[in-house]
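The values are calculated or read from the model by the stated rules, or taken from the named source; none is laboratory data. Just so we're clear, the structure is a prediction, and the values are computed from it rather than from any experiment. Counting neighbours? That spans all protein chains shown, and the Cβs are built from the backbone with ideal geometry, glycine included.
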Amino acid sequence: MDLSLLAQLTVSGIVVGSAYALLGVSFGIIYATTKIFHLAHAAAYAGAAYAAVWASNSLGLPFLAALVVGLAAGVLLGLVTEILFYRPMRKRNATLLTIFLVSLGISVAFPNLLQIVFGPDNQTLPRPDNPTIAIGSVTASRHDVVTVLVAWTLITLVATFVVKTRFGRSITAMRTNPTMAEAVGIDSKLVYTVVFVIGSLLVAVAGLLFTTKGVATPTMGLAPTLTGFIAAFLGGIGSQWGAALGGLLLGLLSSWSALFLQADYGPVVVFGAMFLILLVRPQGLLGKAAA
Amino acid sequence: MSYYADVTISILILMTLGVSLNLLLGYAGRVSMAHAIFFGIGGFAAARLTLPTVDELGGVATAGLQTGASWHWFPALIAAMVIAFLAALLISIPAVRLVRGEYLILLTLAFQLVSNQLMGVLDSVTGGPYGLSGVPPIGFGDTILIRPEQFIWVMLVAAVLAIAACWGIGESPFGRLLKGLREHDSAVASLGKNPVVPELLAFSVSAAIAGGVGALAAFYYGSVVPSNYTLTYSIFIISVVVLGGLGNLWGTVVGAIVLGSLEPLLREVVGDSAIPWQAVIYGAALVIMMRLRPEGILPEGFGPGRLIGRRRGGRSQLVPTEQEALDRLLHVDPGTDPDAPPIVEVFDLQKSFGGLTAVNGASFSLQRGQVTALIGPNGAGKTTIFNMICGTLPADSGRVHLRGADVTGKPAYDLAKKGLARSFQDVRVFQRLTALENVAMGVQDQPGESFARLLLTPFAVRKAERRVKQKALDCLALLGIAERAHDRVNDLSYGDQKLVAIARLLATDCDVLLLDEPTSGVDPASVEKVISGIGRLRDLGHTVCLVEHSVHFVQRLADRAVFLDQGTVIAEGTVDELMERRELADLYFGT
């Protein structure tokens with residue numbers, strides 16, 4: 001086996017996997033706490049990217065300011081979905097299926113709206129140079145390094161927040177027993193709002209990391225959202241580190257699969273991994289078995 | 001003319017796909033995000049089977065010429081359905097362990113995306129991104145049905161057949177089982193029915209119909225292209241079902257007509273932007289509909305019959321009197337042998353939750369034909385013991401015997417088959433079904449609940465169904481609520497819902513019935529009905545065990561009581577005997 005190829009694939013696997021880990025934590029915290037299969041997460045991902053492109057190209061804002069606009073747009077989209085749609089439905093005791101269908105509707109309408117407004121073409125965000133860094137035969141770009149650093153810093157922050165702070169523990173309480181949590185005075189609305197802010201912020205970061213390297217397209221949010229689902233289920237619902245590990249594993253697997261498969265088959269490997277985990281260990285790698 | 005026929009065909013395709021998905025999404029309440037893939041699998045299978053062989057094309061495989069097995073269209077259609085059926089069964093294997101809906105969403109979503117990608121990559125099977133073309137059209141003798149005005153009739157027949165099939169399945173006892181699983185799979189299991197198999201079948205049958213439509217579409221369009229089987233189309237089909245009304249096939253017909261004519265109409269107005277506009281409109285319609293009218297345009301149970309004033313389920317059966325019901329229902333022989341062992345024996349059950357010992361070596365027995373109450377202060381371990389007997393909670397150690405056989409840890413549906421069934425404290429009646437349908441779900445060994453017998457012996461199924469309905473009505477009559485038989489359970493008071501749950505238990509013919517707090521949360525007038533209902537269970541010879549807080553209730557009903565404290569049995573006897581013992585009364589009332 002070509003060792004330098006393996007090393008290179010491992011490095012790119014870690015880079016891709018870090019972004020997946022971010023997506024996994026982002027979807028995982030929303031799903032675990034609210035039990036909503038939040039497919040509209042894709043809107044926050046694409047919305048953040050388009051807002052940054054728009055701020056940069058139409059408003060002429062500098063790079064970093066455009067990124068801030070993107071983050072704000074992503075968070076706003078997540079919040080609007082929660083406050084305008086999910087919350088009133090929960091109040092009327094809507095089933096999780098109907099809430100999911102709302103989410104589905106948003107995830108269909110939003111990218112098509114983007115297409116009508118911005119056109120179907122690729123959108124590019126003006127960006128700083130991206131020099132390549134080489135260590136021996138292995139190379140990575142500065143963007144890759146930033147991706148890894150940003151992803152794991154945010155994941156550590158969120159995981160620490162949930163475990164160590166008082167508010168974080170009330171998120172865990174809502175997740176494990178909502179009725180009891182409300183009985184001891186935890187404000188479910190506030191917890192849900194915070195969870196949507198955290199989740200949407202992380203997914204917006206992932207969307208911007210992608211757009212600063214590639215291009216924005218109307219349907220760009222769907223595949224990463226699905227990756228986030230798979231990462232979270234793979235690692236174990238309710239565990240931040242589990243979801244992060246799931247994402248990292250997915251990145252490495254799809255990268256390593258290039259050793260023996262055509263690149264087109266990468267998604268098949270990911271799907272196969274998920275199928276296997278669901279069969280053998282349905283609670284996920286780091287999840288606790290249901291009582 | 002051809003244009004309108006062509007549009008109508010595409011609407012009929014959408015309608016047939018929607019109707020088949022409604023079986024899963026509406027009746028079984030499970031989401032499949034991959035319906036377009038099964039549509040595609042059928043298309044590719046049919047194309048590969050009917051395309052000419054290499055020999056027929058002159059013996060040499062030339063690039064660009066696609067070959068197949070040169071089958072007749074009809075067997076190819078059947079094969080396409082079978083292949084789609086098997087594909088669905090295969091991907092739902094993990095669902096055997098995870099019946100929870102979200103996993104099916106995840107699984108089918110991933111399956112949709114991966115399969116669609118594979119369709120574009122596996123050149124040797126699917127022909128790559130441009131798919132397969134030159135699929136021969138359907139023909140009868142020398143007549144080839146290729147023009148839209150001709151093929152429309154084929155598609156119309158297919159749509160009618162699919163609607164009839166889905167109606168037959170959905171409105172049968174099998175469909176009733178699906179609706180039950182949609183609401184409470186634990187309750188269905190507690191009635192002695194396998195909670196997994198019907199859902200897998202619903203998923204696979206729905207996929208098979210989609211596969212059949214896929215084959216027909218391949219014959220009509222002459223080509224199959226991966227870009228026709230995208231997630232977007234899967235979601236479009238879901239929208240048709242949801243907007244039309246979940247669980248209402250007529251709704252799907254309406255939904256398909258409305259959404260199917262959207263694109264042709266938009267094309268007149270906005271030209272090529274029709275496709276994104278269509279998606280924005282149906283996506284927004286989905287959101288608005290779920291917010292304002294989640295039951296869809298035509299709600300479940302609303303059909304042409306309702307319009308002309310016929311009530312659902314009809315009223316053909318006369319309401320039996322309590323005495324008639326008592327005569328007809330199964331009487332359990334309590335046995336005359338005084339040396340017969342107790343019907344249920346519990347030996348030394350133990351259960352800890354973390355450091356907390358909830359049950360610490362409880363042993364007692366239930367006597368045939370008696371009402372036994374488990375009583376004791378809060379936290380005595382009553383419900384824990386109850387759940388361990390019912391098989392919903394695994395015991396750390398100890399055994400449970402039923403009629404002398406060890407049944408420790410057997411799943412709930414197994415126990416119900418052996419004659420032990422339970423009710424739930426939170427009732428778990430099927431809210432959107434009628435009282436009669438709820439109770440009918442309790443009846444054991446219904447041929448109509450088996451998918452195979454539904455297909456093979458439809459007349460026997462109908463005959464059996466009349467018997468099932470009669471029995472369900474008898475059970476309701478015995479509990480004094482037969483006049484509410486055709487009302488939906490969520491229109492009944494909580495007390496009546498508890499009575500429905502007891503009637504459902506009675507319908508199982510299980511001779512050991514475990515009732516979890518049958519009067520909690522019930523108004524005083526209904527408590528009287530529950531008490532007389534449980535008295536009826538005893539009259540029929542059933543053995544009853546109940547967990548109950550109300551001493552008044554226990555004193556009036558129970559023959560014996562088992563007094564628990566801190567996870568162990570500290571006394572057994574008649575209720576009056578136990579309550580006369582001062583130390584027990586103090587424990588119980590906490591004075």
(request) Residues being touching a residue at least 60 places away in the same chain (Cβ under 8 Å) and surrounded by fewer than 20 Cβ atoms within 10 Å (Cβ to Cβ): count how many of those fall in segment A:30-63. (result) 3
(message) Here is a check on your reading of the model: is B:Pro136 surrounded by 17 or more Cβ atoms within 10 Å (Cβ to Cβ) and either within 14 Å of chain A (Cβ to nearest Cβ) or out of contact with any Cys (no Cβ under 6 Å at 6 or more places or on another chain) (or both)?
(response) yes
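Need at least 1 residues that are at pLDDT 90 or above per element, so show me which helices (runs of 4 or more DSSP H) inside segment A:173-262 make the cut, counting only ones lying wholly within it. It would help to see each step written out before you state the result.
Working: elements: A:178-183, A:188-211, A:222-235, A:240-256.
So the answer is A:188-211, A:222-235, A:240-256.
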(message) I need a count of the residues in segment A:122-167 that are touching a residue at least 40 places away in the same chain (Cβ under 8 Å) and assigned to a loop (DSSP other than H, G, I, E, B).
(response) 9
(request) At least 2 residues that are among the aliphatic types (A, V, I, L, M), closer than 23 Å to B:Cys166 by Cα and within 18 Å of the chain's Cα centre (by Cα) in each: list the helices (runs of 4 or more DSSP H) lying fully within segment B:368-468 that qualify. (result) B:435-440, B:451-456
(message) Need a quick list: strands (runs of 3 or more DSSP E) entirely within segment B:475-591 having at least 3 residues that are over 18 Å from B:Ala421 (Cβ atoms), among the hydrophobic types (A, V, I, L, M, F, W, C) and more than 26 Å from the chain's Cα centre (by Cα).
(response) B:560-565, B:568-573
(request) Among the candidates A:Val15, A:Val75, single out the residue that is at pLDDT 95 or above, in contact with an Asp or Glu (Cβ under 8 Å, 6 or more places away or on another chain) and surrounded by fewer than 24 Cβ atoms within 10 Å (Cβ to Cβ). (result) A:Val15
(request) Examine segment B:20-35 for a residue that is modelled with pLDDT under 95, surrounded by 22 or more Cβ atoms within 10 Å (Cβ to Cβ), part of a loop (DSSP other than H, G, I, E, B) and of a type in the set (S, T, N, Q), and state whether such a residue exists. (result) yes
(message) Every residue in segment B:438-471 that is closer than 20 Å to B:Asp185 by Cα and of a type in the set (Gly, Ala, Ser), please.
(response) B:Ala440, B:Gly442, B:Gly448, B:Ser450
(request) Go through segment B:239-280 and give me each residue that's assigned to a loop (DSSP other than H, G, I, E, B) and crowded, with 20+ Cβ neighbours inside 10 Å. (result) B:Gly245, B:Leu246, B:Gly247, B:Asn248
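If you check B:Gln117 against the conditions, is it surrounded by 15 or more Cβ atoms within 10 Å (Cβ to Cβ), away from every other protein chain (no Cβ under 14 Å), free of Cβ contacts under 8 Å to residues at least 40 places away in the same chain and among the polar types (S, T, N, Q)? Walk me through it before giving the result.
On the way: surrounded by 15 or more Cβ atoms within 10 Å (Cβ to Cβ): yes; away from every other protein chain (no Cβ under 14 Å): no; free of Cβ contacts under 8 Å to residues at least 40 places away in the same chain: yes; among the polar types (S, T, N, Q): yes.
Here the answer is no, as B:Gln117 does not meet what is asked.
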(request) Only residues that are acidic (Asp, Glu) and buried (at least 16 other Cβ atoms within 10 Å of the Cβ): list them for segment B:340-368, please. (result) B:Glu345
(request) Can you confirm whether segment A:237-245 contains a residue that is out of contact with any helix residue (DSSP H, G or I) (no Cβ under 8 Å at 6 or more places or on another chain) and either charged (D, E, K, R) or buried (at least 23 other Cβ atoms within 10 Å of the Cβ) (or both)? (result) no
(request) Filter segment A:82-107 for residues that are within 22 Å of the chain's Cα centre (by Cα) and more than 10 Å from every other protein chain (Cβ to nearest Cβ) and give the result. (result) A:Glu82, A:Ile83, A:Tyr86, A:Arg87
(request) Output the residues belonging to segment B:566-586 that are crowded, with 19+ Cβ neighbours inside 10 Å and closer than 14 Å to B:Lys382 by Cα. (result) B:Gly567, B:Val569
(message) When you scan segment B:520-529, do you find a residue that is in contact with a strand residue (DSSP E or B) (Cβ under 7 Å, 6 or more places away or on another chain), at negative phi and in contact (Cβ under 8 Å) with a residue 24 or more places away in the chain, even just one?
(response) no
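Scan segment B:129-143 residue by residue and report those that are in contact (Cβ under 8 Å) with a residue 60 or more places away in the chain and at negative phi.
Restricting attention to segment B:129-143, the residues satisfying the condition of being in contact (Cβ under 8 Å) with a residue 60 or more places away in the chain are B:129-139.
Matches in segment B:129-143: B:Pro129, B:Tyr130, B:Leu132, B:Ser133, B:Val135, B:Pro136, B:Pro137, B:Ile138, B:Gly139.
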(request) For residues that are surrounded by fewer than 22 Cβ atoms within 10 Å (Cβ to Cβ) and more than 12 Å from chain B (Cβ to nearest Cβ), scanning just segment A:213-236, find the one that is farthest from A:Ser18 (Cα to Cα). (result) A:Thr217
(message) For segment B:100-140, give me the residue count where each residue is among the β-branched types (Val, Ile, Thr), touching a Gly at 6+ places or on another chain (Cβ under 9 Å) and more than 20 Å from A:Val268 (Cα to Cα).
(response) 1
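Conditions (1) within 13 Å of chain A (Cβ to nearest Cβ); (2) within 16 Å of the chain's Cα centre (by Cα); (3) of a type in the set (Gly, Ala, Ser), marked per residue:
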| position | (1), (2), (3) |
| --- | --- |
| B:Asp185 | no, yes, no |
| B:Val188 | no, yes, no |
| B:Val196 | no, yes, no |
| B:Phe203 | no, yes, no |
| B:Ala217 | no, no, yes |
| B:Gly222 | no, no, yes |
| B:Val241 | yes, no, no |
| B:Thr252 | no, no, no |
| B:Arg267 | no, no, no |
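Pick out the one residue from B:Ala79, B:Ala95, B:Ala110 that is modelled with pLDDT of 95 or more and in a helix (DSSP H, G or I). Break it down stepwise before answering.
Values: B:Ala95 fails: modelled with pLDDT of 95 or more; B:Ala110 fails: modelled with pLDDT of 95 or more.
One residue alone meets the criteria, B:Ala79.
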(request) Search segment A:247-258 for residues that are more than 10 Å from A:Val16 (Cβ to Cβ) and pair each with any residue that is outside any helix (DSSP H, G or I) when their beta-carbon atoms are under 8 Å apart and the residues are at least 6 apart or on different chains. (result) A:Leu249/A:Leu285
(message) Given the condition touching a helix residue (DSSP H, G or I) at 6+ places or on another chain (Cβ under 6 Å) and within 11 Å of chain B (Cβ to nearest Cβ), answer yes or no: does some residue in segment A:61-70 qualify?
(response) no
